[in-house]
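Below is one structure; the comments refer to it alone.
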Amino acid sequence: MADIQIRAVRKSYGKTPTLHGIDLSFASGEFVVILGPSGCGKSTLLRMIAGLEDITAGDIAIDGRVVNKMEPRERGCAMVFQNYALYPHMTVAGNIGYALKVSGVPKAERERRIAETAKIVGLQDYLERRPAALSGGQRQRVAMARAIIREPKVFLFDEPLSNLDAKLRVTMRAEIRKLHQRLSATSVFVTHDQVEAMTLADRLVVMNRGHVEQVGRPLDIYHRPASTFVASFIGAPAMNLFKTRTEVETATVRLDGAAIPIDPLVAHALQGRDVIVGIRPEQCRLTREGHGIPARIDFVEELGVGRVIHCEIAGEAFAAAVAEDAEVAAGDTVWLSLPPEQLHYFDAESGRRIEFPLPGTDIPAARSSASITHPTGVLS
Amino acid sequence: MIQRTPYADAFTYAIMMLGFFLLLGPFLVVIAGASQTMQQVNTVPFSFLPQGEFMKNASAAWARADLRTAMTNSLIMAALVTAGKVALSACTAFAIVFFRTPLKHVFFWSVFITLMLPLEVRVVPTYAVAADLFQPVKSVLSLFGLDIKIEWNLLNSYAGLTLPLIATATGTFLYRQFFMTLPDELAEAARMDGSGSVRFFFDMLLPLSRTNMLALTTIMFVYGWNQYLWPLLMVTDPSYKTVMMSLRALLPSDNGIPDWNVTLAGSLIIMAPPVIVVAVLQRWFVRGLVSSEK
């Protein structure tokens, strides 16, 4: 077990910067998931912790020791790769035990530990097979066993589940979680899949374009996204965002001609600023004709537990989750109401979240923060 | 596109068969001639039927051209050339593919350019160096007015027979193509497991490139065995002569007895080792060149 400190870490390939000063700190035994779209630098960061990439500037410390100049083997990290990177010419036992062989562990002890580790991941009957004769899930287990056997201080996972089919992915997710509970080594897991991120993480790091957008517990991030990027990246379907102007007198925002009522105190605080207003699809409500915003349905997605209607409002795609028994069909016009307490507000320029109370305003803190920052929402 | 074209098929097969017989013809002559008596081999028209005299002819040839020494020398030379080429090209390709150095491209192109300079083209300078290993050093030093007196040459030695033939671009490229198909993660996983680069080479790359190695062995053994020009230059001492040089000694002398049957039996013996190597290794030979088995 070890904590990881990442201080002002930068990475450039030649003149192209890919990471712009990352500051993060992972506690000992924590399961951290780094989430971001492809090309955001999340894998680069992981590989820098592992020692597979040079650190252009800044420090990475594992267990209090700065590891910038250390070889991967000296850092006490084990890594699971996306394509598993098994040694094709070795048996499962050979793959699992290779690290021990390199470090000169005697054969008898090596075999004992290989057997032990294989049992943890349920591979004891496959030790003599070659990777080519294994299924995707079994290969994934070999890759994990290869990491486990070294008893590392830190586990690094580089999108390990993205090559598996959907069902296996769910199983392996649960297994990784269980494994972490059992071994409780600090784990850093990189993924672009938000469901993986939400379900696995103790703490979630959302990255975009070489910056950290937000760090926090998964539900906090879901409920209080720090920027429009995080808001649209977390949650499926994505949060609906629209740019608009707040009107103080009527306490509304305008959306495609319709006035949407908002909290008068918020309206007062925003003072007619341009804002981006967001609402999660699952917080939109169907309402009576003539109320709320009219929307013509483009198509309906069946999810089983409910349906998602997709429409276009003010030229932007808009999604709303409705109950499975809702009578909606493509081509219908429905009326949507957006509950004021479920709205998120972001600065129109920077895209950063606007927190209430705003500094220098006299809104009673209790009311606005209670209504805005802790909406009740369910994760789809 | 696959089409049914019976006439075109028949035509291509006919051309193929024709080529096949043209290739096969000389071999039939050698095999038949090697097993006939001197009278039979000189009969006109020539009979393509093998007779029972092969062993007698073979032992006559063996004695006449001192094939014992020559075969031993050729085997040693071909084996050393093969082993050297296979080992050196694996190392070179390893360096070119897996190490990032500023001079990477210089190394790559300097290997590449040797494809355009086979031994036959550079035979004179190569011989000059082999005859006096310090020649290049001496000529550089003489620019500064210095003169050293060291004599060391490779004439009449196995080193001289093999060393100049060992550098090979073909082998290096064969390995390079294979190494480049390996995922980067393989090297990274090995690094994470604590293996250094040398260990990675021996534990991962060599076992994985087994089929490549056997393919290369096949090609290079035949290449080494068939060398004629270079041994001819390097060797004056009969105890170092190779089979290709003995082929000449097998020919009947101008005014001597026309015992072509002995000559043919001798050449059959000389042909045998590469045929055996190819026959044994051909399965891997094809696999190593065609597919990248993983």
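On the given criteria, is B:SER197 under 21 Å from the mean Cα position of the chain (by Cα) and within 13 Å of chain A (Cβ to nearest Cβ)?
On the way: under 21 Å from the mean Cα position of the chain (by Cα): no; within 13 Å of chain A (Cβ to nearest Cβ): yes.
For B:SER197, the condition - under 21 Å from the mean Cα position of the chain (by Cα) and within 13 Å of chain A (Cβ to nearest Cβ) - is not met.
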*Write out, first by first residue and then by second, each pair whose Cβ atoms fall under 8 Å of each other, whose residues are 6+ apart or on separate chains, and whose first residue, in segment B:253-274, is at pLDDT 85 or above while the second is among the charged types (D, E, K, R).*
B:ASN261/B:GLU53; B:VAL262/B:ARG64; B:GLY266/B:ARG64
*Go through (1) out of contact with any Ser or Thr (no Cβ under 9 Å at 6 or more places or on another chain); (2) within 28 Å of A:VAL215 (Cβ to Cβ) and name the single condition A:ARG141 misses.*
(2)
*asked:* Within segment A:263-356, considering only strands (runs of 3 or more DSSP E) that don't extend past its boundaries, which have at least 1 residues that are of a type in the set (Val, Ile, Thr)?
replied: A:274-279, A:285-287, A:293-302, A:307-313, A:316-322, A:333-337
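Tell me, please, whether a residue that is among the β-branched types (Val, Ile, Thr) and in contact with a Gly (Cβ under 6 Å, 6 or more places away or on another chain) can be found in segment B:247-264.
Initially, segment B:247-264 is screened for residues among the β-branched types (Val, Ile, Thr), giving B:257, B:262-263.
With the extra rule that they be in contact with a Gly (Cβ under 6 Å, 6 or more places away or on another chain), the set shrinks to none.
Checking segment B:247-264: not a single residue is among the β-branched types (Val, Ile, Thr) and in contact with a Gly (Cβ under 6 Å, 6 or more places away or on another chain).
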*Just checking, which of A:MET90, A:MET79, A:MET48, A:MET70 is modelled with pLDDT of 90 or more, within 14 Å of another protein chain (Cβ to nearest Cβ) and in a loop (DSSP other than H, G, I, E, B)?*
A:MET90
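Within 12 Å of another protein chain (Cβ to nearest Cβ) and either crowded, with 17+ Cβ neighbours inside 10 Å or basic (Lys, Arg) (or both): is that true of A:TYR126 in this structure?
Details: within 12 Å of another protein chain (Cβ to nearest Cβ): no; either crowded, with 17+ Cβ neighbours inside 10 Å or basic (Lys, Arg) (or both): yes.
It is false that A:TYR126 is within 12 Å of another protein chain (Cβ to nearest Cβ) and either crowded, with 17+ Cβ neighbours inside 10 Å or basic (Lys, Arg) (or both).
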*For the subset of segment B:1-50 comprising residues that are outside any helix (DSSP H, G or I) and modelled with pLDDT of 85 or more, which member is nearest to B:TRP62 (Cα to Cα)?*
B:SER35
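Run down A:GLU213, A:GLU175 and say which single residue is modelled with pLDDT under 90 and not assigned by TED's automatic domain parsing to the domain that holds A:PHE346.
On the way: A:GLU213 fails: modelled with pLDDT under 90.
Testing whether each residue is modelled with pLDDT under 90 and not assigned by TED's automatic domain parsing to the domain that holds A:PHE346 leaves just A:GLU175.
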_Residue within segment B:61-84 that is surrounded by fewer than 16 Cβ atoms within 10 Å (Cβ to Cβ) and over 24 Å from B:MET244 (Cβ atoms) present_ = no
*For the subset of segment B:220-251 comprising residues that are β-branched (Val, Ile, Thr) and crowded, with 22+ Cβ neighbours inside 10 Å, which member is farthest from B:ALA159 (Cα to Cα)?*
B:VAL243
*In segment A:33-45, which residue that is over 13 Å from the mean Cα position of the chain (by Cα) and of a type outside the set (S, T, N, Q) is nearest to the other protein chains (Cβ to nearest Cβ)?*
A:LEU45
*If you scan segment A:93-135, which residues turn out to be among the basic types (Lys, Arg) and part of a helix (DSSP H, G or I)?*
A:LYS101, A:LYS107, A:ARG110, A:ARG112, A:ARG113, A:LYS119
*Does B:ALA187 qualify as being under 23 Å from B:LEU67 (Cα atoms), among the small types (Gly, Ala, Ser) and part of a helix (DSSP H, G or I)?*
no
*Candidate set: segment A:51-67, residues that are closer than 24 Å to B:LEU186 by Cβ and surrounded by 14 or more Cβ atoms within 10 Å (Cβ to Cβ); chosen: the one nearest to the other protein chains (Cβ to nearest Cβ)*: A:LEU52
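The values are calculated or read from the model by the stated rules, or taken from the named source; none is laboratory data. Only a predicted model underlies this, so the values are computations on that prediction, with no experimental measurement involved. Don't worry about glycine lacking a Cβ; one is built from the backbone with ideal geometry, like all the others, and counts go over all protein chains shown.
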